[in-house]
Amino acid sequence: MGKKTTNSLDFTSGWAYAPAPEDTKHIQLKKQYDLFIDGKFVKPTKGKYFETVNPANEEVIASVAEADENDVNKAVKAARNAYQKVWGKMPGAERGKYIYRIARLMQERARELAVIESMDGGKPIRESRDIDIPLAANHFFYYAGWADKLNYAFPNRKPKALGVAGQIIPWNFPLLMAAWKIAPALACGNTVVLKPAETTPLTALKLAEIIQESGLPEGVVNIITGAGKTGATLVNHPDINKIAFTGSTDVGKIIQKAIAGTSKKSTLELGGKAANIVFDDAPIDQAVEGIINGIFFNQGHVCCAGSRLFIQENVADMVIQKLKDRMETLIVGNPLDKNTDIGAINSKAQLNTINNYLKIGKDEGAELYQSSCSIPKKGYFCRPTLFLNTSQSHRIVQEEIFGPVLTIQTFRTVEEVIEKANNIPYGLSAGVWTDKGSKIFNLTTKLRAGVVWANTYNKFDPTSPFGGYKESGFGREGGLHGLSAYLEF
Ligand code: NAI
Ligand code: MG
């Protein structure tokens with residue numbers, strides 16, 4: 001056995017990958033970022049700024065403006081003005097050209113965006129480079145194509161834009177969530193005020209630069225930064241027609257209460273606790289890869305993460321052993337290293353939440369298993385973790401942990417696993433692994449989840465709608481369904 005390093009792949013042969021860090025020299029970051037309102041970067045009224053850090057080394061990357069009520073008012077006013085005077089009147093084909101231009105500029109700057117995404121949020125460069133950034137650009141391409149075809153998308157229904165959309169996004173897929181929100185809103189003729197999460201504002205601000213470069217009319221997209229208070233001010237602004245939110249179920253409930261009794265429309269994409277179900281006839285090695293991808297992808301900071309594993313009893317020992325073996329090869333460490341599988345936890349607060357759940361799980365009597373990899377001393381990191389001997393009533397099985405932590409249960413019959421999988425307040429996604437098509441169709445109709453993946457996991461495409469049942473929220477983003485969330489008929 002070789003000496004363990006952060007890049008440890010040495011559990012059998014004693015060798016490790018040489019470091020392969022992505023270059024950061026090509027990126028352009030300012031020390032301070034202002035608010036993007038009415039096509040210009042403007043200082044916050046009160047002159048307040050907060051810092052965004054790199055969670056992999058705890059270093060401050062930049063300071064970012066904190067928008068207060070005055071700033072929110074300015075942004076909404078700019079959006080309303082742009083809606084009434086320019087964007088709401090512009091023919092769809094013209095709107096489409098701008099959206100295409102934004103997509104192309106994102107592609108041109110993809111490498112820079114990927115590096116900044118990994119620095120600001122902690123996700124492995126392999127993911128930001130291969131998943132987040134290309135998918136974000138693809139959302140703009142996809143919705144650009146709809147801009148002049150809304151009448152065909154909804155025949156005989158005369159679709160009309162809503163007006164100004166307030167959009168609030170989380171820190172787990174910062175640029176991708178901005179794209180999910182902005183692209184369909186613009187395609188339908190709305191203008192927007194977007195607030196990124198306070199720990200990951202930088203790629204949204206780079207997108208503001210791209211939007212400026214694209215020549216999009218001023219005020220069509222406004223990007224304001226700040227924390228929950230700024231978000232709440234946006235939600236409560238009287239001149240907003242729609243709130244689109246992705247984040248925690250707790251904040252989703254606050255938003256629903258805040259807009260009750262108003263004419264504001266809303267789509268909420270909230271938490272999840274997906275069942276990933278492995279039958280004894282599944283291609284087991286493929287399933288093990290899918291389980292690993294389902295829970296360790298993006299440090300488990302994924303609302304649709306496959307965080308509850310159900311294995312058919314007669315193959316459980318084998319699947320668990322294969323999982324443990326595969327976990328041992330996962331590289332935890334520098335997000336900018338191309339070999340890294342699991343990057344940094346997004347913030348100190350999120351790491352505390354995860355560590356608290358590890359304690360809760362042990363106190364509840366579940367058996368904790370972690371890979372033996374070493375983790376960097378500086379920064380926020382968590383080893384890939386399994387909880388064995390868990391039961392339905394455990395908090396670690398019922399509550400969203402949002403970290404690289406997988407709970408494992410076994411089952412004997414199809415009926416039993418459907419009941420267990422559905423016995424949870426959430427319903428965002430699920431996974432099924434089996435050789436039998438009939439079993440897949442049986443489960444897709446009975447699992448109360450917005451997305452069910454079969455023999456794969458965490459697959460995304462702009463053409464395919466995404467959204468939840470129960471406390472995972474309502475409304476759909478992506479695809480044709482994603483358009484109707486920004487239209488009235
Ligand atoms: P959060 O829900 O507080 O943050 C999401 C966004 O909402 C951020 O932009 C935040 O500034 C904003 N926000 C916070 N309070 C608000 C309010 N009262 N009104 C309007 N906007 C508000 O999520 P947080 O605290 O960062 O994470 C807590 C937990 O939420 C995580 O551990 C995870 O379980 C879950 N979560 C789920 C996400 C998902 O994709 N469904 C994304 C992020 C977190
Ligand atoms: Mg940050």
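The values are calculated or read from the model by the stated rules, or taken from the named source; none is laboratory data. Here the structure is a predicted model, which is why all the values come from computation and not from measurement. Neighbour counts are summed over all protein chains in view; Cβ atoms, including those assigned to glycine, are modelled from backbone coordinates with ideal geometry. Calculation scope for accessible area: heavy atoms of the full protein, side chains included, ligands and nucleic acids excluded. Shrake-Rupley method; radii C 1.70, N 1.55, O 1.52, S 1.80 Å.
Brief remarks follow.
- A straight line joining the Cα centroids of the range 286-328 and the range 98-121 runs 31 Å.
- Descending principal axes extents, the chain, alpha-carbon based, whole Å: 65, 51, 37
- Cα→Cβ-extended label distance, 7 Å offset, between Glu419 and Glu69, nm: 5.4
- The portion of the accessible surface of the range 275-461 made up by carbon and sulfur, rounded to a whole percent, is 48 (1.4 Å probe; DNA, RNA and ligands excluded).
- Modelled FRET efficiency - R0 30 Å, Asn389 with Asn355, Cβ distances, 0.05 increments: 0.90
- Sorting Tyr380, Tyr143 on solvent-accessible area from highest to lowest, probe radius 1.4 Å, gives Tyr380, Tyr143.
- Accessible area in square angstrom per residue, the chain, 1.4 angstrom probe: 39
- Put simply, the amide H of Asp280, placed in the peptide plane, has neighbours under 5 Å in Gln312, leaving out anything fewer than 5 places away on its chain.
- Cα centroid separation, the range 122-186 to the range 346-412: 32 Å.
- Pairs from Lys123/Lys149; Lys229/Lys362; Lys242/Lys359; Lys149/Lys195 whose Cα-Cα separation, in the structure shown, is over 31 Å: Lys123/Lys149; Lys229/Lys362; Lys242/Lys359
- Per-selection Kirkwood Rh - the range 275-461 (Cα, Å, 1 d.p.): 16.5
- Only helices enter this figure: runs of n ≥ 4 DSSP H residues, each worth -39500 (n - 2.57), summed and divided by the residues of the chain, yield -11500 deg cm²/dmol at 222 nm to the nearest 500.
- Among the GluC sites (Glu not before Pro) within the range 51-92, those in coil by DSSP and having at most 12 neighbouring Cβ atoms inside 10 Å are Glu58.
- Put the Cα centre of the range 75-89 next to the Cα centre of the range 444-460 and the gap is 39 Å.
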